[in-house]
């Protein structure tokens, strides 16, 4: 069973490292850490990905990869 987490906020992304419950979810394999797609987008994307792939590692990689602008790039806090 593949479980995907999406944020419920308008702006912001999932960070499973903040609280112990999130770290437990990450440890058991919940997908979506660092993602900011909407719940609706996550559902449609998961249906599409599962139609093409069944292996957990490949599903996780596809879900956490920006394909069509559904995940915004992270902003850097400092100039490099």
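The values are calculated or read from the model by the stated rules, or taken from the named source; none is laboratory data. Source: prediction; values computed, not measured. No Cβ is skipped: glycine too gets one built from the backbone with ideal geometry, and neighbour counts run over all protein chains shown.
Listed values, structure above:
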| read-out | value |
| --- | --- |
| Yes/no for residue 45 being over 10 Å from the mean Cα position of the chain (by Cα) and assigned to a loop (DSSP other than H, G, I, E, B) | no |
| Identity of the residue in the range 1-14, touching a helix residue (DSSP H, G or I) at 6+ places or on another chain (Cβ under 9 Å) and exposed (fewer than 13 other Cβ atoms within 10 Å of the Cβ), that ends up modelled with the lowest pLDDT | 8 |
| Scan of the range 18-40 for residues that are part of a helix (DSSP H, G or I) and over 11 Å from residue 4 (Cα atoms), ordered by number | 20, 21, 22, 23, 24, 27, 40 |
| Residue match in the range 52-72 (condition: assigned to a helix (DSSP H, G or I) and surrounded by fewer than 12 Cβ atoms within 10 Å (Cβ to Cβ)) | yes |
| Subset tally (residues that are without any contact (Cβ under 8 Å) to a residue 12 or more places away in the chain and on the phi < 0 side of the Ramachandran plot) for the range 44-69 | 14 |
| Count of the range 1-22 residues which are in contact with a strand residue (DSSP E or B) (Cβ under 7 Å, 6 or more places away or on another chain) and farther than 16 Å from residue 71 by Cα | 2 |
| Top-ranked residue of the range 23-40 - restricted to ones that are surrounded by 11 or more Cβ atoms within 10 Å (Cβ to Cβ) and at pLDDT 95 or above, ranked as farthest from residue 71 (Cα to Cα) | 24 |
